[in-house]
Amino acid sequence: MTILEFHEALKNKKTSARETVISYLDKIKKENKKLNAYLEVFEKDALERAKEIDEKIASGEEPGELWGVPLAIKDNILIRGKIASAASKILGNYVASYDAFVIKKLQKAGAIFLGRTNMDEFAMGSSTENSAYGPTKNPRDMSRVPGGSSGGSAAAVAGGLAMAALGSDTGGSIRQPAAFCEVVGLKPTYGAVSRSGLIAMASSLDQIGPIAQTVEDAEILFNAISGKDEMDSTSVLKKSSGAAAKVKTIGIPKEYFGEGLDAGIKKSIDAIIKKLSQKYEIKEISLPRTADALSCYYIIMPAEVSSNMARYDGVRYGARENGEDLVETYKKSRGEGLGLEVRRRVLLGTYVLSAGYYDAYYSKAQRVRALVAEDFKKAFAGVDLILAPTVPTSPFKIGEKINDPMAMYLSDIYTIPANLAGVPALTLPSGAQLIAPHFEERRLFEAGKFLEQ
Ligand code: GLN
C-alpha cells in the first residue's frame, strides 16, 4: 500500500496501524537477512507506537495523513536513544542524544519508525558497498547494487520492507539509489529541510529527503519534513504551497545525452519525453558547465568532509583505540574506525585546503560551482522544469566498481549539478529526473504525477 492508500484504509477501518506494522515486521524478518537493507529494526517501539495510534482512532479521533505510516530511516539521521552509526565502525555504539528535526516532525505527525537503514559509510559512495556492516542488495536483482549512499532506504521501499523512507542527498544519494531500485526519490531545495540531526558529510550540499513508492507519497513526506528550524541557519520558511504550479515548458539539456549514456536508458528517457510532449512544450536547452560539475564536486565535497570528519577522534565520539600518546590515539582510532573511502576523502580534502593548494583547487572549485548554478539560472529563464536521466547506466554488479573509485564517481555525473546549484530534483521509477528552480518542488510534483498516470 502507498501512504495515501493506507490512510484511506485506516480511516475506513479496513486496517489498523498494528496489523500493518506487523505485516512489515514479518516481511523484514523474512527478507532482511539476504537484502541487508536494515541495520536494526525497532520492533518493540514500532508495535507500541502502533498501539497508541489505534487507541486514538478507537477513541474517535480522525487520523492524520501520516498516522501509523511505517517508515525506514537512513542511519545518519538521529533518533533519540537509538544508535546512529552512519554505517561506520567509529560510530558503532554511538547513541543519539536528541532527535533530528525531521524525526520530531514525523513523530508529531504520527509516523512509525521501523528501523535504521544501511548506507555507504558517512554517505560516501554510490553502491552501499562502503558500509562497515556489509553491502545491501538490490531487491529487483540480488546480484546488483541498490545504488548509494541511501541504498538501504531505497531497497527497503522497493522490496516492500517499508511504506516509504528517508535518505540524504549530497551528490545524488537519494536519486541514484531511487533510480537503481525503481522508486521515487526527492532531493529538496538546499534549505527546504533542516539538517539538524543529520550526521554531516558536506554541509553546503547535504539535504534530507523522502524515498517513496509514488510522487504523491514523496510530496506528503516533503510537506511534513520541510520548514524553518532555528537549529539550522540555512533552513528557510516554507514557501506557500497549494497554488497551482503552472508548468508549461520543459527543457532537455543536450549535455546529459552525450557519451557515456547507456543506450537502454536513453531509450526510456526518450519515451518519457514523448509522454511529456502530450502536455508540455519541450525545448532543447544547454547547461554548458555540466562536464565540470563532477570535478568541482570532488574538490568541494572532500574539503567539507575533511572538516566535518575532524570530530571523530576517538575522544569526543565513538570507538577509541588507545595509543602511547594523544596523536597516536587519534591515528589508531581513526585508522581503525574509518573505512578506506572515508580516509581517501579526508586526505583529498586536507590536501585541497592546504596552504599551498587552496587557491589552485578549493577557490577555483568554488568559482566553478557558481558557474554551474548560473547555468541553471539561465536555463530557468526559458523553461519551467528540466528533464534528464538520473544515472548513466543501469545498476552494476556487486563488486564490479569497488576497486575503481573513478568509475564509481562517474555514477553521479547527472545528479551532482543539482546539489552544487542547490536546486530541487525528483527521480522517478523510470530513472528520469525532473529538476526545478529553488523552492519550486510543486512543479516537480505536478509533472511527476502526470508521468505517473
Ligand atoms: N555518491 C556520491 C559520493 O560518493 C554522493 C554521496 C551522497 O550524496 N551522499 O559522494
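What to note about this one:
- Considering residues of region 95-108 that are more than 21 Å from the chain's Cα centre (by Cα) and either of a type in the set (V, I, T) or farther than 12 Å from G81 by Cβ (or both) only, the residue surrounded by the most Cβ atoms within 10 Å (Cβ to Cβ): V95
- Residue tally, condition farther than 19 Å from Y358 by Cβ, out of contact with any helix residue (DSSP H, G or I) (no Cβ under 6 Å at 6 or more places or on another chain) and of a type outside the set (A, V, I, L, M), over region 290-316: 3
- Against the conditions (1) touching a residue at least 24 places away in the same chain (Cβ under 8 Å); (2) farther than 29 Å from K401 by Cβ; (3) not in a strand (DSSP E or B), R80 satisfies every one except (1).
- Residues (more than 16 Å from the ligand (Cβ to nearest atom) and without any contact (Cβ under 8 Å) to a residue 60 or more places away in the chain) located in region 112-127: none
- Qualifying residue in region 83-96 (condition: within 30 Å of G314 (Cα to Cα) and either free of Cβ contacts under 8 Å to residues at least 40 places away in the same chain or part of a helix (DSSP H, G or I) (or both)): yes
- Within the set G92, G64, the sole residue that is out of contact with any helix residue (DSSP H, G or I) (no Cβ under 7 Å at 6 or more places or on another chain) and under 18 Å from G152 (Cα atoms) turns out to be G92.
- Screening S23, S88, S97 for residues that are within 16 Å of the ligand (Cβ to nearest atom) and of a type outside the set (A, V, I, L, M) leaves exactly one candidate, S88.
- Helices (runs of 4 or more DSSP H) fully within region 151-236 that include at least 1 residues being within 13 Å of the ligand (Cβ to nearest atom) and buried (at least 24 other Cβ atoms within 10 Å of the Cβ): 151-158, 175-181.
- Residues of region 343-369 that are among the small types (G, A, S) and loosely packed, with under 14 Cβ neighbours inside 10 Å: S354, A355, G356, A360, S363.
- Verdict on S233 being of a type outside the set (D, E, K, R) and in contact with a helix residue (DSSP H, G or I) (Cβ under 8 Å, 6 or more places away or on another chain): no
- Any hit, region 36-46, residues being buried (at least 21 other Cβ atoms within 10 Å of the Cβ), charged (D, E, K, R) and in contact with a strand residue (DSSP E or B) (Cβ under 6 Å, 6 or more places away or on another chain): no
- Residue within region 295-317 that is more than 26 Å from Y133 (Cα to Cα), of a type outside the set (V, I, T) and surrounded by fewer than 20 Cβ atoms within 10 Å (Cβ to Cβ) present: yes
- Of the candidates A100, A46, the single residue that is aliphatic (A, V, I, L, M) and in contact with a helix residue (DSSP H, G or I) (Cβ under 7 Å, 6 or more places away or on another chain) is A46.
- The residues listed here are A243, A291; of these, the one that is under 17 Å from S411 (Cβ atoms), aliphatic (A, V, I, L, M) and at pLDDT below 95 is A291.
- Within region 128-150, being within 15 Å of the ligand (Cβ to nearest atom), over 9 Å from the mean Cα position of the chain (by Cα) and polar (S, T, N, Q) holds for T128, N130, S131, T136.
- Every condition in (1) within 21 Å of V305 (Cα to Cα); (2) within 16 Å of the ligand (Cβ to nearest atom); (3) in contact (Cβ under 8 Å) with a residue 24 or more places away in the chain is met by T350 except one, and the failing one is (2).
- Among the numbered conditions (1) away from the ligand (no atom under 16 Å from the Cβ); (2) surrounded by fewer than 18 Cβ atoms within 10 Å (Cβ to Cβ), the only one that L340 does not meet is (1).
- Of all residues in region 397-430 being within 16 Å of the ligand (Cβ to nearest atom) and small (G, A, S), the one that is farthest from K275 (Cα to Cα): A407
- Just one of the listed residues (A164, A156, A132) is aliphatic (A, V, I, L, M), at pLDDT 95 or above and more than 23 Å from G448 (Cα to Cα), namely A132.
- Members of region 435-451 found to be buried (at least 22 other Cβ atoms within 10 Å of the Cβ) and within 18 Å of R289 (Cα to Cα), listed by number: I435, A436
The values are calculated or read from the model by the stated rules, or taken from the named source; none is laboratory data. Quantities reported herein were computed from a predicted structural model and do not represent experimental measurements. Quick reminder, even Gly has a Cβ in these numbers, built from the backbone with ideal geometry, and neighbours come from all protein chains shown.
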